[in-house]
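Taking it in order: structure first as structure tokens, then the write-up.
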Amino acid sequence: VFMQIFGTISLVSLVCYILFHGELEDQLAPIPLTEDNMGMDFRTRFIITAFFAMTGMALVCGAPFINALEKGWPLQRIFFYQLVPTFFICLIVGIVDFLVLARDSLITIRRIEKLTGNLATGDYTNIKVKLRSRDELGLLVNHINSFAAATKNLIANIQDSVETTSDTASALSQNAND
């Protein structure tokens, strides 16, 4: 019974993480992201979610099997009517979790790719990538956003200097002609 309870808790916590992780990250976005207040790193997040998925699956699927062995029930019935369906449900939850984490990472990578492509072509109109995660990808987004803003300011300062120099040269030229 305890195996099944712990396995169910593992799977339910994994489902809650899948459902609410994105919203939590969005709520934390206004907090400045530095290495000191970074969340779980990328590797740890995948390891923990894989652990909960596999532990939950093993415990939920193994509990009826062990219970049947202890009580002397026919294993074939337990295998086909409890173990196999439970295994597939747990497997689907684990796959969905992996796909959600991979999708979130790919969305961030695509946003970074779009921004750097725009910067490479000289388009500085939309220079901010939305911070979606508080891991290494989030730090990368933070650094790229800072780089893009600094580059935009540098270009504006250069244009301002060019205009000032041009105005000064025109005034000097006008004075020389007079």
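For region 46-71, the set of residues classified as under 24 Å from the mean Cα position of the chain (by Cα) and free of Cβ contacts under 8 Å to residues at least 24 places away in the same chain consists of Ile47, Ile48, Phe51, listed by residue number. With respect to the conditions (1) open to solvent by 70 Å² or more (accessible area, probe 1.4 Å); (2) within 31 Å of the chain's Cα centre (by Cα), Phe80 lacks only one, and its number is (2). With respect to being more than 24 Å from Ser146 (Cβ to Cβ), of a type in the set (Gly, Ala, Ser), part of a helix (DSSP H, G or I) and modelled with pLDDT under 80, Gly7 falls outside the description.
Among the residues making up region 33-72, those that are farther than 18 Å from Leu83 by Cα and in a helix (DSSP H, G or I) are Phe42, Arg43, Thr44, Arg45, Phe46, Ile47, Ile48, Thr49, Ala50, Phe51, Phe52.
Matching residues to (1) over 30 Å from Pro64 (Cα atoms); (2) in contact with a helix residue (DSSP H, G or I) (Cβ under 9 Å, 6 or more places away or on another chain); (3) open to solvent by less than 60 Å² (accessible area, probe 1.4 Å):
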{"site": "Pro85", "(1), (2), (3)": "no, no, yes"}
{"site": "Ile89", "(1), (2), (3)": "no, yes, no"}
{"site": "Val93", "(1), (2), (3)": "no, yes, yes"}
{"site": "Phe98", "(1), (2), (3)": "no, yes, no"}
{"site": "Leu106", "(1), (2), (3)": "yes, no, no"}
{"site": "Arg111", "(1), (2), (3)": "yes, yes, no"}
{"site": "Tyr124", "(1), (2), (3)": "yes, yes, yes"}
{"site": "Arg134", "(1), (2), (3)": "yes, yes, yes"}
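The values are calculated or read from the model by the stated rules, or taken from the named source; none is laboratory data. Computed from a predicted model, the values in this text were never measured in an experiment. Every residue, glycine as well, gets a Cβ built from its backbone with ideal geometry; the counts of neighbours run over all protein chains shown. Ligands, DNA and RNA are excluded from the accessible area calculation, which covers all protein heavy atoms including side chains. Shrake-Rupley method; radii C 1.70, N 1.55, O 1.52, S 1.80 Å.
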